[in-house]
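Enquirer: The following block contains the structure, expressed as structure tokens.
The values are calculated or read from the model by the stated rules, or taken from the named source; none is laboratory data. Quick caveat, the model's predicted, so the values are computed rather than measured. Virtual Cβ from ideal backbone geometry, glycine too; neighbours counted across all protein chains shown. Surface areas here come from the heavy atoms of the whole protein model, side chains and all, with no ligands, DNA or RNA. Shrake-Rupley method; radii C 1.70, N 1.55, O 1.52, S 1.80 Å.
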Amino acid sequence: MIAYSPYLILLLPLFAAVFIRLFLHPFPRVSTAASITACLLSFVGSLLLLGSGTPTGGMAAPPVPWIEFAGLKANFGLVADPLARMMAALVTGVALLVQIYSVGYVAKDPSRSRFFAELSLFVFSMLGIVFADNLVTMFIFWELVGLSSYLLIGFWFDRPAAGAAANKAFLVNRIGDFGFILGILGTWSLFGTIGFADLPSRASAGAAGWAVTAVGLGLFCGCLGKSAQFPLHVWLPDSMEGPTPVSSLLHAATMVVAGVYMLIRVLPVLELSHVTMTTIAWIGGIMTLLPALIACQQNDIKRILAYSTLSEIAYMVMAVGLGVTGPAMYHLMTHAFFKCLLFLASGSVIHGCHEEQDIWRMGGLNRRMPFTYLVTWIGTIALCGIPPVSGFWSKDEIFAATSHHPGLAAVSMLAGFFTSFFMLRMILVAFGGNPRSEGAKHAHEGPPVMVVPMLVLSVLSLFSGLFPVDAFLGGGHEAHHASWTLWVSLLVALAGFVPAYQLYNGVTQDPLSLPILRGKFYIDEFYQRFLVAGQDGLARLADAFEGWVVRGFIVRGSGVVARAAGQGLRLVQCGQVQIYAAVFIAGALLLVGCLVKSGILR
Amino acid sequence: MILGEITLGHYLALSGFLFVIGLAGVLLRRSLLIVMMSLELLLNAANLALVAVGRFQGLPDTQVAVFFVITVAAAEVALGLAILVAIFRVKKTTAVDSMANLRF
Amino acid sequence: MEQIAFWSLATGLLTAATAVILLRNPVSSAVCLVLGLVFQAALFVTLEANFLAAVQVIVYAGAVMVLFLFVIMLLDVKAEARSPLPWAKGAGVAVGGMVAVLGIPRLAASFPASHKTLAWGEGKSLGSAQELGSLLFTSYAPLFLATGVLLLVATVGVVVLCRRDS
Amino acid sequence: MSLWLCPEVLLVLAGVGLILVDCLAPQTGKKWLGPLAVLLSAGLLLWTALSAGRPMPESWSNLLVTDGLSALFKPFFVLCLVTVTMMSARYRLGPDETVRGELLALPFFPTAGLCLLASARDFLAVFVALELVSISLYLLTAFHRAKPASLEAGIKLLVMGGLSTGFLVLGIAWLYAAAGTTEFSRLLLEQAGKPATPALLAAAGLILTGLAFKVAAVPFHAWAPDVYEGAPTPVTAFLAVASKAAGFVLLLRVFGFGAFALESIGQVFRPVLLTLGIATVTLGTLAALPQRDLKRLLAYSGIAHAGFMLLALGTLLEGGLGTVVAYLWVYLLSTLPILVFLNELERIHGNTDMRHLDGLARRDPGTALGATLCLLSMAGLPPLAGFSVKLAVMSTLWSAGEVPALVIALVMAVAALGFYLSPVKSMYWEREADSIPAKRFPVYLVWVLMVAGAFNLVLGLHPQPLVRLAERSLSPHPVSFSLPQK
């Protein structure tokens, strides 16, 4: 009976989504209740599953045969090993809190039913990734997650920016998925399996070589897209156009870490190639620093948090690249709690200030929203890795893993410095000083449904560092704490607060102006200017997609090629039947000529 | 070879030249009527090859094939001319250039 | 004898065909096509396909060409204006002509039986109406039926496309 | 099976019967002609499906064969016919609501031709059946003679079709010259073990030209967009689905396990087919991106799909052949409903420009959802059926070791998303136009689209039936006759 429980946990949110979409659409209150109930049941199920079963055992739900095609066999099976169980509990738990919070956040929106249906669909897709026992199944849910996030980011589809952001997110993810599917096919052909259960044993028998490297990098591409790592990171900050609970759920706690989760699943393949692992570690390392720098000059409260998310995920990616999955999972968990908390707090601020997102138009909120102020501090301390709060423990383990890689240690610790800097900047500007806008003057705390989830999350942020992740995943809890990294990283992180306090305490406008950081290193502009010049931006999906394909794969100037191809086609497809005939005849002659020639040659 | 006995090769070459002339007609003429006559030339070239092959290889089937080709050609011409008449009623011309409104 | 027949008929056929695609006046083109078809029928005779030669003259030269001429008259098509040959087309024709002149004889010679010669009279039995008829109504009966349907479709089609609306 | 029970014969009889009824029925009774035609074709579909595996009359067996492939695709073609008659009954030729009886009756004849094609085992039979189809389609394309675009499309199809017929017949003549026979199994037996001569390859190349024209493979594709756009929409459906599928059935039979399924020929043709496939998928995708007319968009999308199928076919592996069969069914399930939808769209708006879709999701959510499912399936998004078959194409290419082709196919599969999503975007994201037409879509449309969408979804989640279809269609043949399996 318990063996089938993953199916139940997985399908409940789907039922909720379908049911709402088909029957409950006109009744937002019932829809809300249905969605939350489904999520609650899933969460309870996940907790039961978490509690049962052995810590090390690979428990799998009985598979259902799914596809058997030209030698490619895939079962629709679910895996419930400790990793999946932990992740499932995390996803459903955070989703439950976010859904409860959303009740308050979208209380006045007329299309609440659609919102909850889409949230449920998202939870279903995400659980699918978690429980997938092979790469193809995972890929399908991977795409579903892409689709549901597309829907959720574009929830307010009458805002053009939301539509554009949704498109951008979807398109960039497709580029990553392209690499991912290549990686899947490669895995299958190299090791003859796409099941996670067989992968370690097959991979250990496999030989290293360029093919393995290519496959590993292909799989990593999937992670680049979904976890928004360089150079595919551009979608995540834009996706903040969606409702804040969505940002919180998708872009902090669950969807973006799917890439990390996937990397951990395919680690046996990645580990075969030193090049792959080094690439992953370094992309992770650099991505800890880059967004942290950008965040120092952002003014939109959600974008600041979004960039910090990029940085934190990069820590996990780096950890995977260093081969330490325990700390990666550990940080994934703690990050889910404190980042979700920070996002919900920012949502509370935005809600309280009447849809104001610019921190320079806030101010003085520490008196009007003391609870939000408090939980923001808790989240910040956790994020910056100040002991004894959760983030410290998980970050410390990652820093410890870098102790033999001075370069990585340097960039990631520097990132810690800037993280402290921009977080304190955000708090000082948004909460300190005097109100700088009408919205901020009339700010108020949200209703209890919004407060309670934040309370729960702050408790989790404070104490989740105690959860024995390593032990649960079957690894030994090693004592790294004697390492030099502990002290250095802590010192650097604390040092980040000093200049922030110096610069931003009580100011009304930004004393610093660094255009390169404000312009996010001009990466978006780079894409925009060099690769889709002349295109109609992202407004028209077709055009944009052409551009994106170009950007992703055919490096540069291919926009020109695509347009030239269009022009060439226009010349051929001119409506003159005789031109068609000429093309036909030329093709036929070429074909027959080639055939005859190859016939004579042999 | 050229002035010796007439071989299958001669007939096939003749049919090939006829085919090429037909292709040139399809490509070069602006009147749809002549284009259709050129299509007839293509089929005739193929017919010639069929009959010649049948005779030199001793295959009666090729002549049956020619029979079918002639039928098909007749039907094609009839229908093509009917479409041309209908076009002429609308556009008062049968020039190929007038038929370029559907395009990229 | 056979050589003379083949070469003269071949020259006639190719000349007539060239005239079809070169002459400006559609009526002259059609007449040249008739001429070409008759030459081809004569070539069928040199290949001892007498029945097909008759069919060629009756169906093609007779019926199809009359249809062409009829339509030309009906539509009162004028001679095409002489237009200068654009360089691209000219080059295409030149290259195509070269390829054809060089390539076709070689290709024709590459067929397994292409050097085969036959004395007059050896293929006689192949082309008889009797032989053709028996093949057509036995082995190829389904295809014969299908061509019947094809002609039916063509008939209906011509009526549909050309009848006046009531 | 007796001659009179063959689907081909019944189709012809039904067509003749409908023409007679149209001529003889009084003017008031004409409105029943549409339902009658639909009923008749549906009955024929039932019969064709039931009698699919039964052999043809004995005396026909030298030309026509009954095997898994023909048993699977005769119902396919008749299913297309049912849809086409349904669309024809709803197609408006003029401002008044008259239905022309011929438009209902005529599609029966090319369908008979397609059924013959599915069984043909001799190139002469292929030629005659193909011409029956082609000539009927010239007529049907030009059928809407009051519309200049329809006539233009008709004459274009006729000229290009005539050209391809010329190549095909010349190819058959050369095949006689090179091999002495046009019968598939004799060709196989006599040529087995011999090296392929240039003459045989040239003949096969010319025949391939004729077939590539049928499936609109680049560079023999140029007619397709113009003709699809100009032809009456039911005819477009017939061309896009049935006629294209027939081309692939022939390619499968000829290169997969029929006439040219020899290692000596396959070695030469493999790169040729793959090159055709690459060119087709690339051009189809790139050209589709800027299109705004939905029928034209579908034409290029059809070209791109043909490219994917050619790539699968070009591997000449068992898996590739099966993939083509499955792909064709998924293509039918996703493209045909969209064409039914376009037929109704054209009825309301007079054309099929994409802007008519703006805001459709709010006016008519059911229709929009069904159309979206079909479009997404065409785009190859999981978990819809289109994804499974595209994945199968990719995995076939991978196992054949054709990595460059695989990469191009993947890039194009991704790029194709652009044009499949733009109608979806129109429906869900765009503001509605100022003047919303008063006319609504008929109820049946929602059902057609939803059922098709559901099929796409179910077959995507559970593609085993497709696999079984593919296996069964290839079952009695020594697949990949003598090509070594990788």
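Enquirer: Would you confirm whether or not the range D:111-127 contains a residue that is assigned to a helix (DSSP H, G or I), modelled with pLDDT of 90 or more, closer than 25 Å to D:Gly322 by Cβ and open to solvent by 10 Å² or more (accessible area, probe 1.4 Å)?
Expert: Taking every residue of the range D:111-127 in turn, at least one turns out to be assigned to a helix (DSSP H, G or I), modelled with pLDDT of 90 or more, closer than 25 Å to D:Gly322 by Cβ and open to solvent by 10 Å² or more (accessible area, probe 1.4 Å).
Enquirer: Checking the structure you have, find out if any residue of the range A:206-229 is of a type in the set (Ser, Thr, Tyr), over 18 Å from the mean Cα position of the chain (by Cα), open to solvent by 10 Å² or more (accessible area, probe 1.4 Å) and at pLDDT 85 or above.
Expert: yes
Enquirer: Scan the range B:59-104 for residues that are modelled with pLDDT under 85 and part of a loop (DSSP other than H, G, I, E, B) and jot them down. Let's see the steps before the verdict.
Expert: Pass one, the range B:59-104, residues modelled with pLDDT under 85: B:91-104.
Selection gives B:Lys92, B:Thr93, B:Thr94, B:Ala100, B:Asn101, B:Leu102, B:Arg103, B:Phe104.
Enquirer: Now, a different point. Here are the criteria: (1) closer than 16 Å to D:Pro382 by Cα; (2) over 20 Å from the mean Cα position of the chain (by Cα). Tell me which single one A:Asp158 does not satisfy.
Expert: (1)
Enquirer: For the range B:46-58, give me each residue that is open to solvent by 10 Å² or more (accessible area, probe 1.4 Å) and assigned to a helix (DSSP H, G or I). Lay out the reasoning, then the answer.
Expert: Initially, the range B:46-58 is screened for residues open to solvent by 10 Å² or more (accessible area, probe 1.4 Å), giving B:55, B:57-58.
Within the range B:46-58, B:Arg55, B:Gln57 qualify.
Enquirer: Could you tell me which of the residues D:Leu50, D:Leu72, D:Leu79, D:Leu45 is away from chain C (no Cβ under 14 Å) and touching a Phe, Trp or Tyr at 6+ places or on another chain (Cβ under 9 Å)? Talk me through it step by step, then tell me what you get.
Expert: Details: D:Leu50 fails: touching a Phe, Trp or Tyr at 6+ places or on another chain (Cβ under 9 Å); D:Leu79 fails: touching a Phe, Trp or Tyr at 6+ places or on another chain (Cβ under 9 Å); D:Leu45 fails: touching a Phe, Trp or Tyr at 6+ places or on another chain (Cβ under 9 Å).
Unique residue meeting the criteria: D:Leu72.
Enquirer: Right, next: Evaluate the following for A:Val389: is it at pLDDT 85 or above, β-branched (Val, Ile, Thr) and in contact with a helix residue (DSSP H, G or I) (Cβ under 8 Å, 6 or more places away or on another chain)? Full working, then the answer.
Expert: Working: at pLDDT 85 or above: no; β-branched (Val, Ile, Thr): yes; in contact with a helix residue (DSSP H, G or I) (Cβ under 8 Å, 6 or more places away or on another chain): yes.
Judged against the criteria, A:Val389 is not a match.
Enquirer: Of the residues that make up the range C:79-91, is at least one within 10 Å of chain B (Cβ to nearest Cβ) and crowded, with 18+ Cβ neighbours inside 10 Å?
Expert: Within the range C:79-91, not a single residue is within 10 Å of chain B (Cβ to nearest Cβ) and crowded, with 18+ Cβ neighbours inside 10 Å.
Enquirer: Something else now. Answer yes or no as to whether B:Ile87 is within 11 Å of chain D (Cβ to nearest Cβ) and over 20 Å from the mean Cα position of the chain (by Cα). If you could, list the steps in order and put the result at the bottom.
Expert: Working: within 11 Å of chain D (Cβ to nearest Cβ): yes; over 20 Å from the mean Cα position of the chain (by Cα): yes.
Here the answer is yes, as B:Ile87 does meet what is asked.
Enquirer: Could you check A:Thr193 against (1) modelled with pLDDT under 80; (2) over 19 Å from A:Ala258 (Cβ atoms); (3) open to solvent by 30 Å² or more (accessible area, probe 1.4 Å) and say which number it fails?
Expert: Of (1) modelled with pLDDT under 80; (2) over 19 Å from A:Ala258 (Cβ atoms); (3) open to solvent by 30 Å² or more (accessible area, probe 1.4 Å), only one is false for A:Thr193: (3).
Enquirer: Scan the range A:131-152 for residues that are among the β-branched types (Val, Ile, Thr), in contact (Cβ under 8 Å) with a residue 60 or more places away in the chain and either under 18 Å from A:Leu182 (Cα atoms) or in contact with a Pro (Cβ under 9 Å, 6 or more places away or on another chain) (or both) and report the count. Show your work before the answer.
Expert: First pass over the range A:131-152, keeping only residues among the β-branched types (Val, Ile, Thr): A:136-137, A:140, A:145.
Subsequent filtering for residues that are in contact (Cβ under 8 Å) with a residue 60 or more places away in the chain retains A:136-137, A:145.
This time we only want the ones that are either under 18 Å from A:Leu182 (Cα atoms) or in contact with a Pro (Cβ under 9 Å, 6 or more places away or on another chain) (or both), so: A:136-137.
Final tally of qualifying residues: 2.
Enquirer: Which residues, taken from the range B:71-93, are open to solvent by 10 Å² or more (accessible area, probe 1.4 Å) and of a type in the set (Val, Ile, Thr)?
Expert: At the first step, the residues of the range B:71-93 found to be open to solvent by 10 Å² or more (accessible area, probe 1.4 Å) are B:71, B:74, B:78, B:85, B:88-93.
B:Thr71, B:Val85, B:Val90, B:Thr93, listed by residue number.
Enquirer: Please verify whether B:Ala65 is of a type in the set (Gly, Ala, Ser), closer than 27 Å to B:His10 by Cα, facing chain D (nearest Cβ under 7 Å) and surrounded by 24 or more Cβ atoms within 10 Å (Cβ to Cβ), treating the condition exactly as stated.
Expert: Yes, satisfied.
Enquirer: I'd like to check something: does the range C:49-59 contain any residue that is touching a residue at least 12 places away in the same chain (Cβ under 8 Å), facing chain B (nearest Cβ under 7 Å) and outside any helix (DSSP H, G or I)?
Expert: yes
Enquirer: Another question, then. Does any residue of the range D:259-268 turn out to be under 22 Å from D:Met412 (Cβ atoms), within 11 Å of another protein chain (Cβ to nearest Cβ), in a helix (DSSP H, G or I) and in contact (Cβ under 8 Å) with a residue 12 or more places away in the chain?
Expert: Filtering the range D:259-268 down to residues under 22 Å from D:Met412 (Cβ atoms) leaves none.
Looking for residues that are under 22 Å from D:Met412 (Cβ atoms), within 11 Å of another protein chain (Cβ to nearest Cβ), in a helix (DSSP H, G or I) and in contact (Cβ under 8 Å) with a residue 12 or more places away in the chain, one finds none in the range D:259-268, hence no.
Enquirer: Scan the range D:135-153 for residues that are open to solvent by less than 10 Å² (accessible area, probe 1.4 Å) and more than 9 Å from chain C (Cβ to nearest Cβ) and jot them down.
Expert: Keep residues of the range D:135-153 that are open to solvent by less than 10 Å² (accessible area, probe 1.4 Å), which gives D:135-143, D:150-153.
Passing the criteria: D:Leu137, D:Thr141, D:Ser150, D:Glu152, D:Ala153.
Enquirer: Assuming D:Leu132 fulfils every condition listed in (1) over 23 Å from D:Val21 (Cα atoms); (2) facing another protein chain (nearest Cβ under 8 Å); (3) of a type outside the set (Val, Ile, Thr) apart from one, which condition is it?
Expert: Against the list (1) over 23 Å from D:Val21 (Cα atoms); (2) facing another protein chain (nearest Cβ under 8 Å); (3) of a type outside the set (Val, Ile, Thr), D:Leu132 comes up short only on (1).
Enquirer: Could you list all residues from the range A:267-283 that are touching a residue at least 60 places away in the same chain (Cβ under 8 Å) and buried (at least 24 other Cβ atoms within 10 Å of the Cβ)?
Expert: A:Val269, A:Ile280
Enquirer: Can you tell me how many residues within the range C:104-120 are of a type in the set (Gly, Ala, Ser) and more than 8 Å from every other protein chain (Cβ to nearest Cβ)? Break it down into steps so the answer makes sense when it comes.
Expert: So the first thing to find is which residues in the range C:104-120 are of a type in the set (Gly, Ala, Ser), and the list is C:108-110, C:113-114, C:119.
After this cut, where a residue has to be more than 8 Å from every other protein chain (Cβ to nearest Cβ) as well, the list is C:119.
Summing the residues that are of a type in the set (Gly, Ala, Ser) and more than 8 Å from every other protein chain (Cβ to nearest Cβ) in the range C:104-120 gives 1.
Enquirer: Turning to a different aspect of this structure: Inspect all residues belonging to the range D:268-277 and state whether any of them is within 15 Å of D:Leu251 (Cβ to Cβ), aromatic (Phe, Trp, Tyr) and more than 16 Å from the chain's Cα centre (by Cα). Reasoning before the result, please.
Expert: Narrowing the range D:268-277 to residues within 15 Å of D:Leu251 (Cβ to Cβ): D:269-270, D:272-277.
When the remaining residues are screened for being aromatic (Phe, Trp, Tyr), the result is D:269.
Now narrow it down to the ones that are more than 16 Å from the chain's Cα centre (by Cα): D:269.
Yes: one or more hits.
Enquirer: Sticking with this one: Checking the condition modelled with pLDDT under 80 and outside the structural domain of A:Thr325 (by TED's automatic domain parsing), which residue from A:Pro200, A:Pro243, A:Pro237 passes? Even if it seems obvious, please write down each step before you answer.
Expert: On the way: A:Pro200 fails: modelled with pLDDT under 80; A:Pro243 fails: modelled with pLDDT under 80.
Checking each option against the conditions leaves just A:Pro237.
Enquirer: Another question, then. Which residue out of D:Thr182, D:Thr209, D:Thr197, D:Thr165 is facing another protein chain (nearest Cβ under 9 Å) and open to solvent by 10 Å² or more (accessible area, probe 1.4 Å)? Spell out how you get there, then give the answer.
Expert: Numbers: D:Thr182 fails: open to solvent by 10 Å² or more (accessible area, probe 1.4 Å); D:Thr209 fails: open to solvent by 10 Å² or more (accessible area, probe 1.4 Å); D:Thr165 fails: open to solvent by 10 Å² or more (accessible area, probe 1.4 Å).
The match here is D:Thr197.
Enquirer: Is it the case, given these coordinates, that D:Leu130 is farther than 20 Å from D:Ser88 by Cα and either open to solvent by 10 Å² or more (accessible area, probe 1.4 Å) or in the same structural domain as D:Leu250 (by TED's automatic domain parsing) (or both)? Explain how you work it out, then say what you get.
Expert: Values: farther than 20 Å from D:Ser88 by Cα: yes; either open to solvent by 10 Å² or more (accessible area, probe 1.4 Å) or in the same structural domain as D:Leu250 (by TED's automatic domain parsing) (or both): yes.
Against the criterion (farther than 20 Å from D:Ser88 by Cα and either open to solvent by 10 Å² or more (accessible area, probe 1.4 Å) or in the same structural domain as D:Leu250 (by TED's automatic domain parsing) (or both)), D:Leu130 qualifies.
Enquirer: Answer yes if at least one residue in the range D:384-399 is assigned to a loop (DSSP other than H, G, I, E, B), surrounded by 22 or more Cβ atoms within 10 Å (Cβ to Cβ), within 13 Å of chain A (Cβ to nearest Cβ) and not basic (Lys, Arg), and no otherwise.
Expert: Here is the first cut: in the range D:384-399, the residues assigned to a loop (DSSP other than H, G, I, E, B) are D:384.
Add one more test, that the residue is surrounded by 22 or more Cβ atoms within 10 Å (Cβ to Cβ), and what stays is D:384.
If we keep only those that are within 13 Å of chain A (Cβ to nearest Cβ) as well, we get D:384.
Subset that is not basic (Lys, Arg): D:384.
Yes, that holds for at least one residue.
Enquirer: Filter the range D:417-430 for residues that are at the interface with chain A (Cβ under 9 Å from one of its Cβ atoms) and not hydroxyl-bearing (Ser, Thr, Tyr) and give the result.
Expert: Scanning the range D:417-430 gives D:Leu417, D:Gly418, D:Phe419, D:Leu421, D:Val424, D:Lys425, D:Trp429.
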